[in-house]
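The values are calculated or read from the model by the stated rules, or taken from the named source; none is laboratory data. The structure displayed is predicted, hence computed values, not measured ones. A quick note on method: Cβ atoms are made from the backbone with ideal geometry, for glycine too, and the neighbour counts reach across all protein chains shown.
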Amino acid sequence: MKLRDLAETVVLALVLLALAAGLLGFAYAGSFSRLWADDYCYSANIQQNGWLNGTLQWYLHTSNRFSVVPLAALTDALSFNGLWGVRLLPALVLLAWVLGAWALLGELQRSFWSAWKLKSGWLLAGALLLTFFAVWLAPHRLQTWYWRMGILHYSLPAALAMGLFAVGVRQLRTRRQPTGAALVGVGLLAFFIGGLSETFAAMQLGALLMLACLVLIFRPQVWRGMLRLMLAAGLGTAVALGLMAFSPANALRQASLPPPDSLWQLIAYTLRYEVAFLYHSLKDQPLPNLVFGAFVGLFAWWSAPAERVSVRRAAGWLALVGVFVFGLIFCATAPSVYGGLVAPAGRALMPSRFAWLLGLGAAALVCGRLLAGWLGGQKLRLAALLLLLVLAVYPLRTVQVAQQEATLLAVKAQRWDARHAQLLAQRAAGQRNLVTVETDVVQSLEDYGPNPDDWVNVCAAGYYQVDSLTAK
């Protein structure tokens, strides 16, 4: 084995181990998840109505997000007596992110980067890298990676969408005309993803429209099959958005958070909040952004062909990436602004963070490709590889943070478990009005308290199938 190949193998193995260690730390912390806030409402609805009728009742009377109830029912079915469905959900969605990103990167490599010197392990490293920084830079980690409903609404859709777009890129590579079954399948998957949240549905539709415009402008004849898949996915997403827009349950939210007075007001506030998100993404997290960009850029420098790319062409690519990402974040921000001109909550910023990382990674890839053409000597490429090894230390530093989060969540989970056992014992004894101690089981999310008529108390009573529940 040549020295270059040996060095690459060693560095790749260490990078994979470092990223996997970081993700395993967050998956471990997520194992202390419990039912919090809206979780009780979803599970109570499923217990009373089943997942199919429960989806209809939820859509008509509570929320427009129709795809979430079946997934919540699945986690309940897997929970048994130890809530294992809820506790394993963070790890399962992390795995879905890795698999989705791995599939998408693999298709991109076969379609666009076939001349790059890539070992298959680098594609896995890229998938782990994107997933790791999506967790590390999450706007609110508890609500987007440890809380069941936050995960299903805002984190899971990105993993499914990456799989959806991998299918589209595969179609581009094979250049075969998609079958009717493929078009229907893609449309249904896009429809289901869109039904998880209007935030991600709007961003997904924006992505499909922008990509379709690029295909129509540059390669309409060659990429006709891919365009058909995009139209099928776009139609599925648009139908999902339409169903959510016309849900009777929207009246509940709009009663307290009315929509903007005009389209221009919606656009103005969306732009304001988007610019604020972009500003704080740069200002508040400079080191993680730098490390993520350096990872991707150095990888491109190491692996890309040595042919030079003109600065003008690279600038065109960067401009295209900027426009695309700005459009994605605008689409993801607009639904929250429509609901009362408010900025997106922390968990609702997760799709925007996903778009931010995609844009940052794409820009770094372009810059690394440019460097590979200008500084493509063997020794310089080896230096890039060694720098990747240095950067691999960064994910290991986050293991301590994940451990601290796990320790805090473990304490709260122990309190939750003790209270849960007490309530089950009272119900087994025939009591219909349960009383327990009010204690801190979660931060930043609502919990039931001394008022039995509070919405969380009512949902928790429904979950335990009793008349009322009070925490004093």
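The number of residues in the range 208-230 that are among the aromatic types (Phe, Trp, Tyr) and either at pLDDT 95 or above or surrounded by fewer than 19 Cβ atoms within 10 Å (Cβ to Cβ) (or both) comes to 1.
The condition of being in contact (Cβ under 8 Å) with a residue 60 or more places away in the chain and of a type in the set (A, V, I, L, M) holds for only one of Val456, Val466, that being Val456. For the criterion of being crowded, with 17+ Cβ neighbours inside 10 Å and either within 27 Å of Arg415 (Cβ to Cβ) or within 19 Å of the chain's Cα centre (by Cα) (or both), Ala18 fails. When Arg65 is tested against (1) more than 20 Å from the chain's Cα centre (by Cα); (2) outside any helix (DSSP H, G or I), exactly one condition is not met: (1).
If we scan the range 405-414, do we find a residue that is in contact with a Leu (Cβ under 9 Å, 6 or more places away or on another chain), assigned to a helix (DSSP H, G or I) and surrounded by 14 or more Cβ atoms within 10 Å (Cβ to Cβ)?
Within the range 405-414, the first condition is being in contact with a Leu (Cβ under 9 Å, 6 or more places away or on another chain), and the residues that meet it are 405, 409.
Cutting the leftovers down to assigned to a helix (DSSP H, G or I) gives us 405, 409.
Filter again for surrounded by 14 or more Cβ atoms within 10 Å (Cβ to Cβ), leaving 405, 409.
Taking every residue of the range 405-414 in turn, at least one turns out to be in contact with a Leu (Cβ under 9 Å, 6 or more places away or on another chain), assigned to a helix (DSSP H, G or I) and surrounded by 14 or more Cβ atoms within 10 Å (Cβ to Cβ).
Taking the listed residues Gln254, Gln204, the one that is over 30 Å from Trp136 (Cα atoms) and either modelled with pLDDT under 95 or not acidic (Asp, Glu) (or both) is Gln254, with no other qualifying.
Residues that are farther than 23 Å from Ala166 by Cβ and without any contact (Cβ under 8 Å) to a residue 24 or more places away in the chain were ranked within the range 75-93; the one that is surrounded by the fewest Cβ atoms within 10 Å (Cβ to Cβ) is Asn81.
Select, from Leu83, Leu89, the only residue that is closer than 21 Å to Leu156 by Cβ and at pLDDT below 90.
Leu83
What pairs come out if I take residues in the range 328-344 that are closer than 9 Å to Thr270 by Cβ and pair them with residues that are acidic (Asp, Glu) and at pLDDT 90 or above whose C-beta lies under 7 Å away, six or more apart or interchain? These pairs meet every condition: Phe330/Glu274; Thr333/Glu274. Being more than 24 Å from Leu320 (Cα to Cα), outside the structural domain of Ala334 (by TED's automatic domain parsing), without any contact (Cβ under 8 Å) to a residue 40 or more places away in the chain and of a type in the set (A, V, I, L, M, F, W, C) narrows it down to one of Ala240, Ala212, Ala181, so name that one. Checking each option against the conditions leaves just Ala181.
How do the pairs read when you match residues in the range 14-25 that are over 10 Å from Val399 (Cα atoms) and at pLDDT 95 or above with residues anywhere that are buried (at least 24 other Cβ atoms within 10 Å of the Cβ) and of a type in the set (D, E, K, R), using Cβ under 7 Å and keeping only pairs 6 or more apart or on different chains? Note: no pairs meet the criteria. Looking at this structure, is Ala96 surrounded by fewer than 20 Cβ atoms within 10 Å (Cβ to Cβ), within 22 Å of the chain's Cα centre (by Cα), closer than 27 Å to Leu35 by Cβ and in contact (Cβ under 8 Å) with a residue 60 or more places away in the chain? Against the criterion (surrounded by fewer than 20 Cβ atoms within 10 Å (Cβ to Cβ), within 22 Å of the chain's Cα centre (by Cα), closer than 27 Å to Leu35 by Cβ and in contact (Cβ under 8 Å) with a residue 60 or more places away in the chain), Ala96 qualifies. Of the residues making up the range 28-39, not a single one is within 24 Å of Phe295 (Cα to Cα) and in a helix (DSSP H, G or I). So Arg141 ticks every box in (1) under 25 Å from Gln285 (Cα atoms); (2) surrounded by fewer than 19 Cβ atoms within 10 Å (Cβ to Cβ); (3) among the basic types (Lys, Arg) but one. Which box is left unticked? If we test Arg141 against (1) under 25 Å from Gln285 (Cα atoms); (2) surrounded by fewer than 19 Cβ atoms within 10 Å (Cβ to Cβ); (3) among the basic types (Lys, Arg), just (2) comes out false. Taking the range 419-450, which residues are among the hydrophobic types (A, V, I, L, M, F, W, C), part of a helix (DSSP H, G or I) and either surrounded by 14 or more Cβ atoms within 10 Å (Cβ to Cβ) or in contact (Cβ under 8 Å) with a residue 24 or more places away in the chain (or both)? Matches in the range 419-450: Leu423, Leu424. A residue that is over 24 Å from Gly327 (Cα atoms), surrounded by 13 or more Cβ atoms within 10 Å (Cβ to Cβ) and in contact with a Pro (Cβ under 8 Å, 6 or more places away or on another chain) cannot be found anywhere in the range 196-207. Restricting the first member to the range 356-385 and to residues that are under 24 Å from Val135 (Cβ atoms), and the second to residues that are of a type in the set (S, T, N, Q) and in a helix (DSSP H, G or I), the beta-carbon pairs closer than 7 Å and six or more apart or on different chains are Trp356/Ser281; Leu360/Asn289. Within the range 363-381, if we keep just the residues that are charged (D, E, K, R) and surrounded by 15 or more Cβ atoms within 10 Å (Cβ to Cβ), the residue that is modelled with the lowest pLDDT turns out to be Arg381. When Asn45 is tested against the conditions (1) polar (S, T, N, Q); (2) more than 24 Å from the chain's Cα centre (by Cα); (3) crowded, with 22+ Cβ neighbours inside 10 Å; (4) within 25 Å of Gly236 (Cα to Cα), the lone failure is (4). If the condition is being out of contact with any Gly (no Cβ under 6 Å at 6 or more places or on another chain) and either small (Gly, Ala, Ser) or crowded, with 23+ Cβ neighbours inside 10 Å (or both), then the range 231-243 contributes Ala233, Gly234, Ala238, Gly242.
Report yes if some residue within the range 363-370 is under 22 Å from Leu12 (Cβ atoms), over 25 Å from the mean Cα position of the chain (by Cα) and not in a helix (DSSP H, G or I); otherwise report no.
Going through the range 363-370, the residues under 22 Å from Leu12 (Cβ atoms) turn out to be 364-365, 367-369.
Now restrict to residues that are over 25 Å from the mean Cα position of the chain (by Cα): 367-369.
Those left that are additionally not in a helix (DSSP H, G or I): none.
Looking through the range 363-370, none of the residues is under 22 Å from Leu12 (Cβ atoms), over 25 Å from the mean Cα position of the chain (by Cα) and not in a helix (DSSP H, G or I).
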